[in-house]
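Have a look at the structure below, then the notes.
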């Protein structure tokens, strides 16, 4: 754990890596939505294509990395237009017993 932590901190000190690692902040903002959607996507893939018990560890890891990479870009796109992920918004609505604003006000530039 300390190796991973110190390696991550070293990468964050260099600007090319820091900008690349910046994509992860969007996944953190939408952590609940990301987790639930990963679960649903994987369950759907296993059931739809009959993959249960047929994938190797390497194949499973590659599929998970592809799904997570796509989610990183989707999360960035989503958070450009909205304040929260859909599941986070529902969670906040139940917690505060009111509906917080979801959509960001993006004005079209001419």
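The values are calculated or read from the model by the stated rules, or taken from the named source; none is laboratory data. Keep in mind that what you see is a predicted model, and the values were worked out from it rather than measured. Don't worry about glycine lacking a Cβ; one is built from the backbone with ideal geometry, like all the others, and counts go over all protein chains shown.
Within the range 73-83, can one find any residue that is within 16 Å of residue 25 (Cβ to Cβ) and in a loop (DSSP other than H, G, I, E, B)? Yes, because at least one residue in the range 73-83 is within 16 Å of residue 25 (Cβ to Cβ) and in a loop (DSSP other than H, G, I, E, B). Residues considered: 51, 79. Of these, the only one that is surrounded by 12 or more Cβ atoms within 10 Å (Cβ to Cβ), in contact with a helix residue (DSSP H, G or I) (Cβ under 8 Å, 6 or more places away or on another chain) and more than 13 Å from residue 33 (Cβ to Cβ) is 51. Scanning the range 1-38 for residues that are modelled with pLDDT under 85 and not in a helix (DSSP H, G or I) turns up 14, 22, 23.
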